[in-house]
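So the structure is just underneath, and the comments pick up after that.
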Amino acid sequence: MVRYGKEHKSETRRRIIETAGRRFKQDGIDGSGVSTLMKDAGLTNGAFYAHFASKDDLVTTAIADQLKAQAESVVAPAEPGRAGLEQIARGYLSPQHRDSLGDGCPNAALLDEIGRCTDTTRQAYTDGVLVLIDGIATRMAPEAPSSARVKALSLLGLMAGALQLSRALTDSQLADELLEQGVDNALALLDAWQRD
């Protein structure tokens with residue numbers, strides 16, 4: 001029997017988390033069984049339990065990982081102020097993001113299921129969303145980010161809802177128009193908040 005080092009186990013765990021995150025966003029949490037997730041990762045079902053106690057454990061870990069990645073790749077690079085917020089809104093509400101379920105936002109893809117998950121998963125989601133909204137709030141009000149926290153959450157809700165609706169529409173022109181209107185609405189909200 002071949003023994004692998006800690007590094008191999010860590011890399012394998014990372015691969016499971018990343019492939020599960022993509023699969024959950026594509027097929028939903030309930031639509032993604034352990035055998036499918038492990039096949040996606042190129043592993044056997046038996047290997048799953050060397051890394052996770054249960055599917056719920058993996059769901060919690062994958063959701064936290066997806067939100068962390070979103071904060072690092074979408075929010076962190078954006079500059080403070082309106083230009084950075086516009087960059088976030090335009091990237092989030094783009095046809096490319098809409099059409100990339102597996103690589104897209106866990107909010108728009110999984111909100112309905114996360115609300116029915118375990119308390120542990122919902123807490124991991126809450127913690128991840130707080131990092132996202134704190135990043136957005138820092139760009140909205142660099143001098144007092146806590147004052148913009150609820151506004152940042154509202155902005156995230158607006159964007160996630162517009163993205164979800166756009167993904168559900170079969171009329172591609174209407175779906176694109178919805179994304180464009182979502183950007184306009186996000187920017188109008190930002191402008192109104194700045195005047196307050």
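The values are calculated or read from the model by the stated rules, or taken from the named source; none is laboratory data. Bear in mind that the values here come from a model prediction, so they are computed numbers and not experimental data. Backbone-built Cβ (ideal geometry, glycine too); neighbour counts: all protein chains shown. Side chains are part of the model used for accessible areas, which takes the heavy atoms of the whole protein and leaves out ligands, DNA and RNA. Shrake-Rupley method; radii C 1.70, N 1.55, O 1.52, S 1.80 Å.
The helices (runs of 4 or more DSSP H) located wholly in the range 94-142 that include 2 or more residues which are in contact (Cβ under 8 Å) with a residue 12 or more places away in the chain and surrounded by fewer than 16 Cβ atoms within 10 Å (Cβ to Cβ) occupy 119-140.
So, in the range 52-68, of the ones that are surrounded by fewer than 20 Cβ atoms within 10 Å (Cβ to Cβ) and of a type outside the set (S, T, Y), which residue ends up farthest from A141 (Cα to Cα)? Checking each candidate, the answer is A53.
No other residue among A83, A71 is free of Cβ contacts under 8 Å to residues at least 40 places away in the same chain, of a type in the set (G, A, S) and surrounded by fewer than 21 Cβ atoms within 10 Å (Cβ to Cβ) apart from A83. Scan the range 175-189 residue by residue and report those that are open to solvent by less than 60 Å² (accessible area, probe 1.4 Å) and either in contact (Cβ under 8 Å) with a residue 24 or more places away in the chain or hydroxyl-bearing (S, T, Y) (or both). Scanning the range 175-189 gives A175, D176, L179, G182, V183, A186, L187, L189. If you go through the range 162-174 and keep only what is in a helix (DSSP H, G or I) and either surrounded by 20 or more Cβ atoms within 10 Å (Cβ to Cβ) or free of Cβ contacts under 8 Å to residues at least 12 places away in the same chain (or both), you end up with A162, L163, S166, A168, S172, Q173, L174. Total residues in the range 165-187 satisfying the condition of being touching an Asp or Glu at 6+ places or on another chain (Cβ under 9 Å) and within 20 Å of V129 (Cβ to Cβ): the figure is 2.
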